[in-house]
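J.: For reference, the structure I am asking about is given below.
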């Protein structure tokens with residue numbers, strides 16, 4: 001495979017299920033533009049939804065400007081090193097832990113939440129640091145070499161109101177002492193496989209921790225939308241389709257998803273009285 005990563009970096013990712021990329025991902029001016037764009041959008045998001053930025057999911061479904069970064073060659077060249085030249089965008093999220101109150105993310109595998117809608121489940125996540133990411137402000141932690149399964153058993157989490165998820169992987173089913181902190185400078189990234197166990201502690205510091213997760217899959221993987229994924233869209237980012245998939249138009253918002261989201265918020269308000 002060609003791309004931006006060195007052979008030893010590719011081997012490390014394949015063996016360990018993650019990689020820390022300790023150099024700038026985007027050209028500095030383009031990264032600065034992304035950060036400025038996020039600062040504007042997060043204020044709009046919080047004011048519109050009443051949610052914190054910890055819930056800023058799939059913003060590209062509405063904000064098509066984000067494809068300027070999601071499809072940037074600097075990012076895709078990193079991804080191509082790992083999954084080849086035919087690349088589909090699976091999803092993206094701004095994940096921001098506010099200072100002092102940012103919640104803990106329980107141990108989980110991304111693959112467990114996505115089920116069988118992708119075959120094979122070979123999603124690669126580029127976690128691009130917007131802010132410095134450190135143990136003090138709740139950086140992501142990964143458990144190396146746990147990316148060969150991806151569908152662990154889960155149990156209810158304690159102190160659920162202070163957790164991002166209500167469940168986590170059962171205690172004792174993996175060795176937490178092997179966890180690696182993904183410490184990152186702005187515009188550096190970590191990369192992890194969808195089946196790799198990961199999580200993070202609460203942000204009790206005075207510094208926000210924000211990252212933009214850009215998730216990609218080989219265009220040979222088959223997307224089978226079902227249940228709440230029925231309005232979900234994937235996008236051809238580079239190369240050719242190899243899985244017989246239908247792709248969204250990156251120049252247009254995903255109206256089906258936006259309408260479903262608005263209806264869900266309306267119902268939630270009614271239930272809340």
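Each value in this text was obtained by applying a stated rule to the coordinates, not by laboratory testing. If you're wondering where the values come from, they're calculated on a predicted model, not measured in any experiment. Virtual Cβ from ideal backbone geometry, glycine too; neighbours counted across all protein chains shown.
J.: Per-residue ellipticity at 222 nm for the chain, helices alone: DSSP H runs ≥ 4 residues times -39500 (n - 2.57), over residue total, nearest 500 deg cm²/dmol?
T.: My calculation for the chain gives -8000 deg cm²/dmol from helical runs alone.
J.: Now for a separate question. Mind giving me the nanometre distance, one decimal, between the label points for residue 49 and residue 240, set 7 Å out from Cα along Cα→Cβ?
T.: 3.8 nm
J.: Under a plain spin-label model, where a point goes 7 Å from the Cα along Cα-to-Cβ, how far apart in nm are residue 226 and residue 28?
T.: 5.0 nm
J.: Spin-label point model (7 Å from Cα, Cβ direction): what's the residue 256 to residue 6 distance in nm?
T.: 4.5 nm
J.: Now for a different question. Apply 1/(1 + (r/R0)^6) to the Cβ-Cβ distance of residue 149 and residue 15, taking R0 = 22 Å, and write down the FRET efficiency to the nearest 0.05.
T.: Given R0 = 22 Å and the Cβ-Cβ separation, E is 0.90.
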